[in-house]
Structures are given as C-alpha cells and as structure tokens.
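Everything below concerns the one structure shown next.
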Amino acid sequence: MNVMTAGLQMFVMFLLILTGYFCYKAHMISQENNACLSRLVVNVFNPAMIFSSVLGNSGNGTVDSIPLLFLVSAGIFLFLIILSKILVRIFRETGDQQQITELLYIFANVGFVGIPVVKALLGTDKLIYVAVFILEYNILVYTYGISLLRHGSKGTDTPKAAFQLSTLKPLVNPGTIACVATLFIFVTDIVPPQPLSDGLQYLANATTPISLIVIGVSLGIQADLVSLFTSGKHYLFCLCKLLVIPIIGTLFLKRLPISDVMCQVYMIMMAMPCGNLILMLVEESGRDGRECSYRIILSTLLSILTIPILVFLYPYL
C-alpha cells in the first residue's frame, strides 16, 4: 500500500460524497431516491463486485487458505467484541447507548466503503478476503447484533427474547449468496460464461460511485450539522473506532503466521467507518437512532483522513 495512492483515492471518494451532497441540495436526488439507490448497492452492485472479484483470477487473489481466512476473520470479530465492551465502560456509556456503541465499534461499513477502498488500494483480486469477512459479518450481525439489541437494558421494561430463529431469515440475502458463490467459484476454479462475467463486471463498476453518492445524500439529509461537528464525544468515539482499534488489531495480526496481504486487507476492514446497517437495526428496535446516525456520518467523513494515516503507519506497526 502506498500513502500517496491512499490519499488520492480517499480524496476521490470525498469528491464523490460531495457529489451526492450537492445532488441532494439541488433536489436532483430525494430521500426516497436515495433509499432506492441504497437498496441497489446492497442487493445488486456490491454482490456483483464481490462475485466478479474471482472471475478470471480464481486462485490468484490469495496466498492464504480459505479455512485460515475464516479463522482469522472470526478472531478479528472476537477481538472487536471484547474491545467494544472495554471501551464502553471506559467512556461510561449507559443504557441503550451502551449497546448501540458496542455495535458501532464491531460492525463497520465493509460494503459501501470497504469494498471500494480494498479494490482501489490492493486490487480487485483481493476482494476474496473481503467476501469471507462479509460472510462472517452477516452471520454475526443477524445473531449477536440483534441479540444484543433485543436483550434490553437497565431501566427498560422486560427484556425481549435474546435470540429467535426468525432473526436468521435476513441471512438469506444477495450479499450472503454472492459471498458463498464467490467462495465456490474460487475453490472449484469454475469459469462462468463470458456474457455473465461481462454483465457482472458492468454492475460491479457502478458500486463505488453510487455507494459514495448515497453517503453524500445521507449527509445532505442530516439537518443538524452543528451537533454533528461540535460534539467532542463523537470525535473521541471516532478516534477509537478509526485509529486506536485498527492499530491495536494490526499489531496483533502482524505477529501471526499469516501473509502481509491478509494483514493489510483486515487492517482496512477494521479501519472502516461505522456501518449503516446498525442504524437500520436500531430504528427497527424502536430506539432513538439520532446519536447513531451522527457517529456513522462523522466516522465516514473522518475515514477519508484516517485511512491514509494508517497506510503510512502500517510498516512501523
């Protein structure tokens, strides 16, 4: 990874976010349009990019075995869960906000932001690592994540059931299916028909600009920008989320018997801003999502600066 390349790529992403912001302010894109674009990114463009990552490069994207990818990804999520519980106690988060903050520390925006960043910095063939990470991410967010939100907090009414089989239903979605199909193609080295490969590649090329425009529109929708940029607590959270956690995680990863490529990809995964999915789950649970949305937007904007910083620090960790 090159610092200059990282800085230029993040600046390009910033311009695309600004494009979305001004499109909303100019009434070219409405909140309803943005929701439609968001669904397209989640259900069409991101899955196409993940799947297309192994077309024509099966076996060339990784020097690490698939079981090792699963094992290291699981270890990263365990690390994030433990560290999130420590951090919310250090910063004295209470009530509902404690559980929401834990989820924001654990579940990053590995789809909207992570996929384009890994593609830009390391190449499309490295998205096989991301596919494994996203597969475990989806399983965990719909089991542990929903369980944490349903568990209730002190001072609330009787806690809801921590986990139900019905919560697994969202696991069957285009993103998860694309990850499984990607792993299958990678392992079997099957070559899909050329028209299918070309069609998926065209869809994949739309991922980065549309996903970042969606983020920009979300920023434009945010009414109270003063509260967003003036809260010291939000900046402290982002410092931990975007710098402290990936630095600690990378220090551990670089001392494991794994490839340097895996360390780089998973450092980027840990360095991603907070995931939009958490806001959807929070609002669905009937809780106030305002603070959650502030942290998602601010962490997304600050990641434009922190990712080049991490790329610079990587050789010294």
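The values are calculated or read from the model by the stated rules, or taken from the named source; none is laboratory data. Just so you know, these numbers come straight off a predicted model, no measurement behind them. Don't worry about glycine lacking a Cβ; one is built from the backbone with ideal geometry, like all the others, and counts go over all protein chains shown. Side chains included, ligands, DNA and RNA excluded: accessible areas come from the protein's heavy atoms. Shrake-Rupley method; radii C 1.70, N 1.55, O 1.52, S 1.80 Å.
If you go through the stretch 1-51 and keep only what is open to solvent by 60 Å² or more (accessible area, probe 1.4 Å), of a type outside the set (A, V, I, L, M) and under 16 Å from the mean Cα position of the chain (by Cα), you end up with R39, N43.
Within the stretch 131-152, is there a residue that is more than 16 Å from S73 (Cα to Cα), surrounded by fewer than 14 Cβ atoms within 10 Å (Cβ to Cβ) and modelled with pLDDT under 85? No, that holds for no residue. Residues in the stretch 198-216 that are among the hydroxyl-bearing types (S, T, Y) and touching a helix residue (DSSP H, G or I) at 6+ places or on another chain (Cβ under 7 Å) were compared, and the one that is surrounded by the most Cβ atoms within 10 Å (Cβ to Cβ) is S211.
Residues that are of a type in the set (A, V, I, L, M) and open to solvent by less than 20 Å² (accessible area, probe 1.4 Å) within the stretch 262-280 comprise M262, V265, M267, I268, M269, M270, A271, M272, I278, listed in sequence order. Within this structure, V265 fails the test of being out of contact with any Phe, Trp or Tyr (no Cβ under 6 Å at 6 or more places or on another chain), touching a residue at least 40 places away in the same chain (Cβ under 8 Å), among the aliphatic types (A, V, I, L, M) and in a helix (DSSP H, G or I).
Per the listing L256, L219, L236, the residue uniquely at pLDDT 90 or above, open to solvent by 10 Å² or more (accessible area, probe 1.4 Å), in a helix (DSSP H, G or I) and of a type in the set (A, V, I, L, M) is L236.
Looking at the structure I just gave you, is S303 at pLDDT 90 or above, in contact with a strand residue (DSSP E or B) (Cβ under 7 Å, 6 or more places away or on another chain) and either among the small types (G, A, S) or farther than 14 Å from L104 by Cα (or both)?
Details: at pLDDT 90 or above: yes; in contact with a strand residue (DSSP E or B) (Cβ under 7 Å, 6 or more places away or on another chain): no; either among the small types (G, A, S) or farther than 14 Å from L104 by Cα (or both): yes.
The answer is no for S303.
Do you know which of the residues in the stretch 283-305 that are touching a residue at least 24 places away in the same chain (Cβ under 8 Å), in a helix (DSSP H, G or I) and not hydrophobic (A, V, I, L, M, F, W, C) is most open to solvent (accessible area, probe 1.4 Å)? If we take residues in the stretch 283-305 being touching a residue at least 24 places away in the same chain (Cβ under 8 Å), in a helix (DSSP H, G or I) and not hydrophobic (A, V, I, L, M, F, W, C), then E291 is most open to solvent (accessible area, probe 1.4 Å).
Give the number of residues within the stretch 173-197 that are polar (S, T, N, Q), in a helix (DSSP H, G or I) and either at pLDDT 80 or above or surrounded by fewer than 18 Cβ atoms within 10 Å (Cβ to Cβ) (or both).
Let us first name the residues in the stretch 173-197 that are polar (S, T, N, Q), namely 173, 176, 182, 188, 194, 197.
With in a helix (DSSP H, G or I) added as a condition, the list becomes 176, 182, 188, 194, 197.
Still in the list and also either at pLDDT 80 or above or surrounded by fewer than 18 Cβ atoms within 10 Å (Cβ to Cβ) (or both): 188, 194, 197.
Residues in the stretch 173-197 being polar (S, T, N, Q), in a helix (DSSP H, G or I) and either at pLDDT 80 or above or surrounded by fewer than 18 Cβ atoms within 10 Å (Cβ to Cβ) (or both): 3 in total.
Looking at P308, is it more than 12 Å from A108 (Cβ to Cβ) and part of a helix (DSSP H, G or I)? Judged against the criteria, P308 is a match. Filtered by the rule that a residue be under 14 Å from Y314 (Cα atoms) and acidic (D, E), the stretch 252-285 gives a lone residue, D260.
Taking the stretch 1-94 and the helices (runs of 4 or more DSSP H) fully enclosed by it, the elements with 1 or more residues that are of a type in the set (D, E) and modelled with pLDDT of 85 or more are at 31-40.
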